[in-house]
Amino acid sequence: MFRSFSLLKTKTWLAIVVAISMIERVMLYYFYRPVLYNDTTGYRRTADAILEGWTNIDGTRSPGYPVFLALFGPDERVYIAQLALGLATTILFFYLGWRISRKGWFGALAALAHTFNLGQLFFEANLISESLTTFLVAASLAWIAWLLCSGTPRPLWKVVAAGLAGGLTAGLVTVTRPFFIFLPFWVAIFLVVFWQAAAPKMRWSATLAAGLSGLLIVGAWVNFIHQRFGIWSLSVM
């Protein structure tokens, strides 16, 4: 039986994963309503300040999740958007598993490990930053996996673009959940240390693109807090 499963095409495994993930989230949407936490009020307050031109931001929350709330508006839309992010995260986990192993069944295993993580699933109904954070972390890892596990040479511009994407998503993670502040730098360090199969020009280009793009996002927000409140931090908290 296992052998017959292993012979399934990668596209078939992906279709199975997407179908299961969609059914699960449709059921969640109809049987479980959005949940507000004490943190939700702070995120909403910052989102309102962003919509008003960033003038009344109190610095208690970093801007990643409030921008997400500002974009999607009412709780119901945010809930749907977070379910969509959950589906996208599942697909990213599939990609990571497949890219690392080159096996569709392993990609499905990685994706279903996320899909059947009920703690993570129910977070998608909670109006707090966990679902967005998980998506951004998975996206950053997917870009790095695209570089490290491609198996074929990439043009320099694609290497730089992937490095930028990995660094930018890692930077966005930091301004969504500040305790990920070291992620952009770990991405850069990982590339320069472990991507030994690449030519030095490629490796260092990707490393600088990832590190500097992540630093740009983090630095811009820290500078905003400094200019507004006179402290060097990601929040006044």
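What the table shows:
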item	result
Reciprocal mean inverse distance between Cα atoms of segment 173-221 - Kirkwood radius, Å	11.1
Accessible-area composition of segment 1-99, carbon plus sulfur, in percent [1.4 Å probe]	69
Selection from THR55, ALA209, MET27, by position along the positive dipole direction of the chain (Cβ)	ALA209
Rounded Å value of the spacing that divides the Cα centres of segment 139-186 and segment 49-115	16
Isotropic mean projected area of the C-alpha convex hull, segment 1-136 (nm²)	9.2
Residues of the chain: accessible area per residue with a 1.4 Å probe, Å²	52
Relative contact order for segment 121-237, counting Cα pairs under 8 Å that sit 6 or more residues apart, in percent	25
Other-chain or far-sequence residues with amide H under 5 Å of VAL35's (modelled H)	ASN126, LEU127
Cα gyration tensor shape for the chain, rounded if a/c is under 1.5, else prolate or oblate	oblate
DSSP-loop trypsin sites (Lys or Arg not before Pro) across segment 67-118, with at most 12 other Cβ within 10 angstrom	ARG102
Point-charge dipole on Cβ atoms (K/R +1, D/E -1) for segment 109-237, about Cα centre, debye to 20	400
Equivalent ellipsoid dimensions for segment 128-230 as semi-axes, Å, which come from the Cα gyration tensor, largest first	26, 15, 10
Mean separation of Cα contacts under 8 Å (6+ apart) over length of segment 1-79, as relative contact order %	24
Spatially proximal lysines relative to LYS201 (Cα-Cα < 24 Å; intrachain offsets below 8 disregarded)	LYS158
Whole-number percent relative contact order across segment 1-147, with pairs defined as alpha carbons under 8 Å at least 6 apart	30
Exposed-site-free run, longest, the chain (rule: chymotrypsin sites (Phe, Trp or Tyr not before Pro); DSSP loop; at most 15 other C-beta within 10 Å)	117-181
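The values are calculated or read from the model by the stated rules, or taken from the named source; none is laboratory data. Treat the numbers as computed from the prediction; the structure is a model and nothing was measured. Neighbour counts are summed over all protein chains in view; Cβ atoms, including those assigned to glycine, are modelled from backbone coordinates with ideal geometry. When the accessible area is computed, the model is the full protein with side chains, heavy atoms only, and any ligands, DNA or RNA have been set aside. Shrake-Rupley method; radii C 1.70, N 1.55, O 1.52, S 1.80 Å.
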